[in-house]
Amino acid sequence: MLAEIAVPGPAAPGQLNLHETLRYAASPRRHPGRRTPGTLLADPACGLRDEIRDLADRLEHDGTSIADLRLMRTALKEMRWACRVFSKFRGIRKVTTFGSARTPPGSPAWEQARTFAARITELGYMVITGAGPGIMEACQMGSGRERSFGINIRLPFEQQPNPVIGDDPKLINFKYFFTRKLFLMKEADAVVLFPGGFGTHDEGFEALTLIQTGKAPVVPVVFIETPDGHYWGTWREYVEQHLRDQGLISPSDMDLFRVTDDVDDAVAEIVRFYRCYHSSRWVGEYMVLRLQVALAPALVTDLAQEFADALHEPVIEQRPALPEEADEPALAHLPRLVVPLRRRSAGRLRRLIDRINSA
C-alpha cells in the first residue's frame, strides 16, 4: 500500500521542489527497511532503524559465528553509547588531540598541549582526547573537565583514564580500536597532533587518509612541534621525499596539514578555517560547501577559474540549500557553493576553503 503526501507551493532554484509528491512505501515485513527507487520515506530515521533490525534478523539466517556476533554486538553497543554522549553537544565545535601517553608532566610537549587546550577552549571549542596520561592528560588539564571528552581504549597495560576525565559522563570506554578511532575522527572539527609513538602516527596518517579519500570532511590537521624540535619536521621531510617526490601522493596533498612550533599559530589555523566556511557534504558528484556568509558573485566566478584544474565542470554556483540536504534542517539557512569537484582533489579543496576564508 502506498501513501502520498502532497506538498503545495512554488519551487525556488536549489530548494525543495514543493510541487513534488513525497512518497513512501510500506515495505514487506521480511524487508522492513527497504523502499522502492525514487521514493522518499516520510521518516528516514524510522526506515534506517528498520534496516538495522532487518540486518540483525539476517545474521540468524547467515549462520554467523558466536565470535562474530559478539564482535558486532559490542561494536554496535559502543557506537550507540558514543552517539548518545556526543548528541548533547552537537552545536559545539571540537578538536581531537593526539600524542604520547608516555610524555612526562612538565616537559615542553606536555606544556604545549596544556596551553593549546586552554587557549582553544577559551574560544568556545571542546577538546577530545584518548583519555589516557601524558599528552592526553595535559590537554584535559588545559581544557578542564567541562570542556573535554575522553575516548578511552581498554588495554591490559599503560592506558587508564586520567583523573581529570576519569569519572566524567563524557568519558567513553571502547573495547575496539576501530570504533574508538571512528569517533575520534567523526566528531572532530580539527585534529592536532603532538609527538607520540606508533598510535600517534597511526592516528595522524588515518586522519590524512580519510580526508584525502573523501571519507571524512576536510578539517585543519596541525602537527605541533616542540620549540627547536625536529620531530614533525623530520616526519614532513620523509613525507616530501618518499611520498610526494615519488608520486605516491599528489603534491597538493601537502596542503592537507600544517607543521608549526607555535601554539598560537595552531589555534589561529583552526579559527581561521571556520571564518567563512561552515561545513560540507557530497551531493552526487558535487561538493556542497556551506558558508557563514554569501560571497560576492565576482569572487565565485574567480574561484571557478582559479580552481579549474580541480573541477569536472567549469562553473561553481552559489545557491540555497539543495533538496538532498533536507535531512539537515538546522543548516538550511546557510548559503552554499556547489562545486563540481574531482574526487581526488582534497588538497585543492583545502586551498579553495582557505581562499574563501581570506576573502
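Output yes when any residue across region 84-100 is surrounded by fewer than 19 Cβ atoms within 10 Å (Cβ to Cβ), hydroxyl-bearing (S, T, Y), touching a residue at least 40 places away in the same chain (Cβ under 8 Å) and more than 30 Å from I52 (Cα to Cα), and no when none is. No - not one qualifying residue is present in region 84-100. Here is the figure for region 119-150: residues that are of a type in the set (V, I, T) and part of a strand (DSSP E or B) total 3.
Taking region 195-215 as the range and being part of a helix (DSSP H, G or I) and more than 13 Å from the chain's Cα centre (by Cα) as the test, the residues that pass are F198, G199, T200, H201, D202, E203, G204, F205.
Have a look at D309, D264 and point out the one that is out of contact with any Pro (no Cβ under 7 Å at 6 or more places or on another chain), in a helix (DSSP H, G or I), closer than 22 Å to V191 by Cβ and acidic (D, E).
Details: D309 fails: closer than 22 Å to V191 by Cβ.
Every option except D264 fails the conditions.
Scoring G229 on the criteria (1) surrounded by 14 or more Cβ atoms within 10 Å (Cβ to Cβ); (2) in a helix (DSSP H, G or I) leaves a single failure, condition (2). Of all residues in region 289-309, those that are in the same structural domain as E325 (by TED's automatic domain parsing) have Cβ atoms under 7 Å from Cβ atoms of residues that are of a type in the set (G, A, S) and in a loop (DSSP other than H, G, I, E, B), 6 or more apart or on another chain, in L295/A359; L299/A359. Considering only residues in region 172-197 that are of a type in the set (F, W, Y) and in contact with a strand residue (DSSP E or B) (Cβ under 7 Å, 6 or more places away or on another chain), the one that is nearest to A109 (Cα to Cα) turns out to be F194.
On the stretch given as region 329-357, residues that are assigned to a loop (DSSP other than H, G, I, E, B) and free of Cβ contacts under 8 Å to residues at least 40 places away in the same chain total 3.
Screening Y125 on (1) touching an Asp or Glu at 6+ places or on another chain (Cβ under 8 Å); (2) outside the structural domain of V164 (by TED's automatic domain parsing) shows it passes everything except condition (2). Of the residues making up region 77-107, those that are under 17 Å from A118 (Cβ atoms) and part of a strand (DSSP E or B) are K94, V95, T96, T97. So is S252 farther than 23 Å from T121 by Cβ, among the polar types (S, T, N, Q) and assigned to a helix (DSSP H, G or I) or not? Against the criterion (farther than 23 Å from T121 by Cβ, among the polar types (S, T, N, Q) and assigned to a helix (DSSP H, G or I)), S252 qualifies.
Return yes when G247 is at positive phi and not assigned by TED's automatic domain parsing to the domain that holds K186 and no when it is not. Walk me through how you get there before you give the answer.
Numbers: at positive phi: yes; not assigned by TED's automatic domain parsing to the domain that holds K186: no.
Answer is no for this residue.
Filtered by the rule that a residue be closer than 19 Å to L349 by Cα and surrounded by fewer than 16 Cβ atoms within 10 Å (Cβ to Cβ), region 318-335 gives a lone residue, R319.
From V192, V218, grab the single residue that is under 28 Å from I356 (Cβ atoms) and not in a loop (DSSP other than H, G, I, E, B).
On the way: V218 fails: not in a loop (DSSP other than H, G, I, E, B).
Within the list V192, V218, the selection yields V192.
The values are calculated or read from the model by the stated rules, or taken from the named source; none is laboratory data. Small disclaimer: the values here were computed from a predicted structure and weren't measured. Using ideal geometry, Cβ is built from the backbone for each residue, glycine included, and neighbour counts are taken over all protein chains shown.
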